[in-house]
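> Dumping the structure here so I can ask a few things about it.
The values are calculated or read from the model by the stated rules, or taken from the named source; none is laboratory data. Everything numeric here is computed off the predicted structure, so don't read it as measured data. Note that we place each Cβ from the backbone using ideal geometry, even for glycine, and neighbour counts take in every protein chain shown. With ligands, DNA and RNA removed, areas are computed over all heavy atoms of the protein, side chains included. Shrake-Rupley method; radii C 1.70, N 1.55, O 1.52, S 1.80 Å.
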Amino acid sequence: TIRPGKEFQLIIRAVPPFGQGNQQGTITLKTSATNVPPISVIAIAIAQARWVMAPPQILLPAGPLTNAIPYSVSIRHNGGDSMILSDPSVNADGVVVDLKTVVPDRQFALTLHFPEGFEVPAGGQMNLTVKTSDPKDPVIRVPIRQGAPGGQQAAGLRPPRPGPAPLTPPLSRPIGKP
């Protein structure tokens, strides 16, 4: 109660455990005023995933690779507890993985170094794995895939338009001026 009989405050708190995704409910309040209908308030809780990987899978160009290439993966921890990642690895020979803590307990960066000539075996299951200090998720897995031979068309994507890139028209006024 802010002002008795006049002004009130409703505080809504989400209480774990949360499922992933959106949770919604309606709170209905009756008043003592005879000419005021019940007040309805919609409450929405949007629960983020505990772990977010970007990208969620590693997609390499069709192989074997003609050059050694680095590939970056970002891992974000959205849980409220302290978190440590360790022992990153790929179940393939020659791939080196570097792990860096960007923001302690929250943001991590991994760089995978794929050697020249690397190729994901046909039908092979290849993953980047990282151990965590989270008993609910002791290991994070990021799948590694390789594009089909033939590039974009073989992958079912539209090829780029032939010819030069379209030109951008010149500005008729200086940037920042109305």
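> Which parts of region 37-54 would a label at Asp81 reach, counting a residue when its backbone N lies under 20 Å from a point 7 Å out along Cα-to-Cβ?
So the set is 47-53.
> Could you check the spin-label model distance between Ser40 and Arg145? Points 7 Å from the Cα along Cα→Cβ, value in nm.
Placing both labels 7 Å beyond Cα along the Cβ direction yields 4.3 nm.
> Enumerate the aspartates and glutamates that Lys100 could reach by cross-link, defined here as Cα to Cα under 16 Å, with residues fewer than 8 away along the same chain left out.
Straight-distance partners of Lys100: Asp87.
> Tell me, what is the 1.4 Å probe accessible area of Leu112, in Å² to the nearest 10?
0
> Among the aspartates and glutamates, which fall within straight-line cross-link reach of Lys136, defined as a Cα-Cα distance under 17 Å, with same-chain neighbours fewer than 8 residues apart omitted?
Filter leaves Asp81, Asp105.
> Just to be sure I understand the curve: with the Debye formula and one point per C-alpha of region 74-151, what is log10 I(q)/I(0) at q = 0.12, 0.14, 0.17 Å⁻¹?
-0.40, -0.52, -0.71
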